[in-house]
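These notes are about the structure you will find just below.
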Amino acid sequence: MVELSLTNCKLVPENIECSIGIEDGKIVSITKIPPKSDEIIDIRGKPILPGLIDSHVHFRDPGLTYKEDFRSGSEAAACGGFTTVMDMPNTKPPTTTKKAFLEKLSIAKKKSVIDFALHAGIEDLKQIKEISELNPASFKIFMDLVDNSFLMEAFKEISKLKQNYLISIHAEDKNLTNKCTEMEKSGINDNSKVYAKARPPISEVVAVSTAIAFSKFYDQKIHICHVSTKKALELINMAKRDENQITSEITPHHLFLDDSYFDRCGNIVKTNPPLRNNENKLDISRLNQIDILGTDHAPHGIKEKEKNVWEAPPGIPNLETTLPLLLNEVNKNKMDFKDIKRLLCENPAKIFNLSNKGRIGIGMDADFVVVDMKKEYIINPEDFKTKAKYSPFEGFKVKGMPVMTMVRGNIVMDSGEVFENKGKFVYDN
Ligand code: DOR
Ligand code: ZN
């Protein structure tokens, strides 16, 4: 006898029909014959995946909650099939002190409907040791904002810690982006496309090679966020051949969009690093060389996005469009369920040490997303739960949608409706 069972589940890509037994939020059985159970949810033969893990979101809470807060952000995540998110530190105040980390933790515990982790930022190097005791998912460094001398000190401190922490890297070179931005700003052209020139591919390539050099010298694990160019990925993959210390991430916008979207969408596609032209951009053919897909969900107010190209803030809200776009590719046979599981479940769990998540197996958390591969949808930002109700993917026709999301045995989304649930800090035991 189990508390809850999910019957008529289809495990993909194997296409195995089974029932999943759940007790205390954990998977206790996976069987052909349904177990005796207090409560039954019939999945009706639909594909079921491990709940998705997004290692890169910006929920703006505290301080910028008019853009997003932990409630709206986590609801958007649940609608997109995510059961765990990892929030970035560039909030107000930034998550760079023990006090700020604890404050954000308490906000997330109150508001989040799904499970969560928090990345730490670095301002004062003396705070690193203290904040490391609170189990951040990683230490995030924005290379577009700091000099190499700061990187040197930060790597030195972090590589000395008792626990083997990961450094997440925003890889754009500060000097090159500043110089190129200055040059483009003084030019006459101010349509959104100049933004791509203001932060050119070379700036990413240089930053990636610097980050690799620091990783090598300090024997320190690094995760390169939102890789946007072929050459940066090639450098990462060369370095990976001799080191087991480097992982990479791609966003849905760098995967699916090129710089022609500046003309179509204006500042809605302004993001750092920017969209690339076809010569430089990555695409589905390289997905097998990348470790993680992170949404980099970065919501802003629409009024801010309507400012001129230099003043509009960078970032794209992605939580509610990512899985539909990927399922659409699976329907077109351009991708496989295996890729979704690797990029959004297994690898994020492995890289960020979530031993109970990322897999459907006995003893694992009962985190799932059920998908309907026949459901068609035209992406419409008015339907979003995120506060940022715009998207460069507006009007895209997709086939394949998440229809139910479950976090530790609790339904948090069913047919687009969100239900109350108490999200948990993933490193609390
Ligand atoms: O486009 C971006 N938006 N890139 C970043 O690095 C930060 C993010 C944000 O917080 O809006
Ligand atoms: Zn980001």
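Ratio of Rg to Rh for the stretch 85-156: 0.98 [Cα atoms; Kirkwood radius as inverse mean 1/r over pairs]. Length available on full extension from Asp42 to Asn164: 0.36 nm per residue minus the Cα-Cα distance, which gives 39.7 nm.
Placing unit charges on the Cβ atoms of the charged side chains and taking the dipole of the chain about its Cα centre, the candidate lying farthest along the positive direction among Gln245, Met364, Ala312 is Gln245. Taking every alpha-carbon pair under 8 Å whose residues sit at least 6 apart, the stretch 301-411 reaches a relative contact order of 30 percent.
If the convex hull of the alpha-carbon atoms of the chain is projected onto planes in all directions, what is the mean projected area in square nanometres? Could the numbers behind the result be given before it?
Working: hull surface 77.2 nm².
Here the figure is 19.3 nm², rounded to one decimal.
Students often get this wrong, so check it: of Lys109/Lys174; Lys46/Lys341; Lys98/Lys307, which have C-alpha atoms separated by over 25 Å?
Result: Lys109/Lys174; Lys98/Lys307 exceed 25 Å.
In the stretch 189-298, one over the average inverse separation of all distinct C-alpha pairs is 14.4 Å, which is the Kirkwood hydrodynamic radius. Debye-formula intensities of the stretch 116-266, expressed as log10 I(q)/I(0) at q = 0.11, 0.15 Å⁻¹, are -0.47, -0.82 (one equal scatterer per alpha-carbon, no solvent).
Here the scattering of the stretch 48-182 is modelled by Debye summation over its C-alpha atoms, one equal scatterer each and no solvent; at q = 0.19 Å⁻¹ the log10 of I(q)/I(0) is -1.08.
Can you tally the net charge around Asn8? Count Lys and Arg as +1, Asp and Glu as -1, for every other residue whose Cβ sits under 10 Å from the Cβ of Asn8. For residues surrounding Asn8, the net value is +1.
Which entries in the list Lys270/Lys332; Lys92/Lys350; Lys197/Lys230; Lys179/Lys221; Lys111/Lys422; Lys231/Lys305 go over 19 Å, if you measure between the two C-alpha atoms of each? Check vs 19 Å cut-off fails for Lys270/Lys332; Lys92/Lys350; Lys179/Lys221; Lys231/Lys305. Remind me, relative contact order of the chain in percent, using alpha carbon pairs under 8 angstrom and six or more residues apart? Taking the mean separation of contacting Cα pairs over the length of the chain, I get 21 percent. Rg and Dmax of the stretch 21-60, both derived from C-alpha coordinates alone, stand at 14.7, 45 Å. Bridges between two residues of the stretch 1-77, per DSSP, are antiparallel at a rate of about 60%. The simple Förster model, with R0 at 56 Å and r as the Cβ-Cβ distance, assigns Glu306 and Glu17 a FRET efficiency of 0.65.
When you work out D = kT/(6 pi eta Rh) for the stretch 5-128 at 4 °C and 1.567 mPa s, using the Kirkwood radius from C-alpha pairs as Rh and the Stokes-Einstein form, the result is 78 µm²/s.
Here the stretch 339-412 is described by how far its Cα atoms reach on the three principal axes: 40, 25, 24 Å, from widest to narrowest. Averaging the Cα positions of each part gives two centres, and for the stretch 1-76 and the stretch 363-429 these lie 10 Å apart. Between Ser29 and Leu125, the simple label model (points 7 Å from Cα in the Cβ direction) yields a spacing of 5.8 nm. What percentage of all Cα-Cα pairs in the stretch 235-275 are separated by more than 16 Å? Everything past 16 Å amounts to 49 percent.
Tell me, what is the FRET efficiency for Lys389 and Lys338 to the nearest 0.05, using R0 = 25 angstrom and their Cβ-Cβ distance as r?
Computed FRET efficiency for Lys389 and Lys338: 0.15.
Which angle from 0 to 90°, rounded to the nearest 10, does the C-alpha axis of helix 174-186 make with the longest principal axis of the chain? Between helix and principal axis, roughly 70 degrees.
Would you calculate a helix-derived [θ] at 222 nm for the chain, using -39,500 (n - 2.57) for each DSSP H run of n ≥ 4 and dividing by the full residue count, to the nearest 500? Here the helix-only value at 222 nm equals -8000 deg cm²/dmol.
None of the figures in this text is laboratory data; all of them are computed from the coordinates on show. Because the structure is predicted, anything quoted here is derived from the model rather than measured. Don't worry about glycine lacking a Cβ; one is built from the backbone with ideal geometry, like all the others, and counts go over all protein chains shown.
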